[in-house]
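Presented below is the structure to which this report refers.
The values are calculated or read from the model by the stated rules, or taken from the named source; none is laboratory data. For clarity, every value in this text was computed on a predicted model and none was experimentally measured. No Cβ is skipped: glycine too gets one built from the backbone with ideal geometry, and neighbour counts run over all protein chains shown. Note: accessible area is taken over every heavy atom of the protein model, side chains too, but ligands, DNA and RNA are not part of it. Shrake-Rupley method; radii C 1.70, N 1.55, O 1.52, S 1.80 Å.
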Amino acid sequence: MIIHKAEFLASNTDYRKCPKLDKPEYAFIGRSNVGKSSLINYLLNRKNLARVSSTPGKTRLINHFLVNDAWVLVDLPGYGYARISKTEREKWEIMIHNYITKREDLLLTFILIDSRIEFKESDKNMINWFGEKQLPFAIVFTKSDKLSPNQLASNIAAVKKNLLQFWEELPPMYITSTVTGKGCDDILSFIAENNKIWEASN
Ligand SMILES: Nc1nc2c(ncn2[C@@H]2O[C@H](COP(=O)(O)OP(=O)(O)O)[C@@H](O)[C@H]2O)c(=O)[nH]1
Ligand SMILES: [Mg+2]
């Protein structure tokens, strides 16, 4: 898919106030610093559409982007900040859970995992929550350029092994880098395919 247009639409905290677009939508979520903004900018071929932040935890907003006038990318606020109060975490959880379970045109959520670090409790919880609710998701391993092929394979194998303890099937998985561009075309093709399916039934 060639990106010829990508525009920021709106930031919200309340899912009910988010723009109603009637277009296929894909959300991106992950721990703070996982590389979410970098990946969104890379996919949309923009330097600074989703701000690459040096102060993690600042943005707690749901951001909507309209791409090629045809589909919607949603940047969801990250999780796993060290310095955050319980109340704030609960607020975040309600906001995210509401969005993901109630947003009509949301087709799938990409859950980003840093391929360098061990499989975190917060990532497991997020994935298991999607599994329990039977909500469609894909896993994206980020920053693959920072590892040797062996290390990368072994970290991904560990995540798969862990998931297969609870789930019979593995979700679609993508290995990406915004330095080499690895995996990014595959994600865009996956989105294009899903857009076609959505268009055929709408
Ligand atoms: N080497 C490398 N660094 C990355 C990659 N993606 C993100 N980063 C770096 O990781 C840090 C966090 O990225 P950012 O996109 O702000 O993460 P976010 O907090 O999830 O939005 C930044 O310093 C990025 O430059 C990648 O694919 N490869
Ligand atoms: Mg960010």
Is it the case, given these coordinates, that Asn48 is within 13 Å of ligand 1 (Cβ to nearest atom) and part of a loop (DSSP other than H, G, I, E, B)? yes
So, in the range 137-159, exactly how many residues are more than 16 Å from ligand 1 (Cβ to nearest atom) and loosely packed, with under 15 Cβ neighbours inside 10 Å? 5
Please specify each residue of the range 104-151 satisfying the condition of being assigned to a helix (DSSP H, G or I) and touching a Phe, Trp or Tyr at 6+ places or on another chain (Cβ under 8 Å). Ser122, Met126, Ile127, Asn128, Phe130, Gly131
Within the range 175-202, how many residues turn out to be within 20 Å of the chain's Cα centre (by Cα), free of Cβ contacts under 8 Å to residues at least 40 places away in the same chain and not in a helix (DSSP H, G or I)? 4
Residue list for the range 81-126, filter: among the acidic types (Asp, Glu) and out of contact with any Pro (no Cβ under 7 Å at 6 or more places or on another chain): Glu88, Glu90, Glu93, Glu104, Asp114, Glu118, Glu121, Asp123
Quick check: anything in the range 114-126 crowded, with 16+ Cβ neighbours inside 10 Å, closer than 19 Å to Pro77 by Cβ, touching a residue at least 12 places away in the same chain (Cβ under 8 Å) and in contact with a helix residue (DSSP H, G or I) (Cβ under 8 Å, 6 or more places away or on another chain)? no
Those residues of the range 78-103 that are under 17 Å from the mean Cα position of the chain (by Cα), in a loop (DSSP other than H, G, I, E, B) and surrounded by fewer than 21 Cβ atoms within 10 Å (Cβ to Cβ) come to a total of 3
Within the set of pairs 6 or more residues apart or between chains, which connect a residue that is over 26 Å from Ala192 (Cα atoms) and within 9 Å of ligand 2 (Cβ to nearest atom) inside the range 37-61 to a residue that is open to solvent by less than 30 Å² (accessible area, probe 1.4 Å) and modelled with pLDDT of 80 or more with Cβ atoms less than 9 Å apart? Ser53/Ser37; Pro56/Gly78; Thr59/Ser37; Thr59/Asp75; Thr59/Pro77; Thr59/Gly78
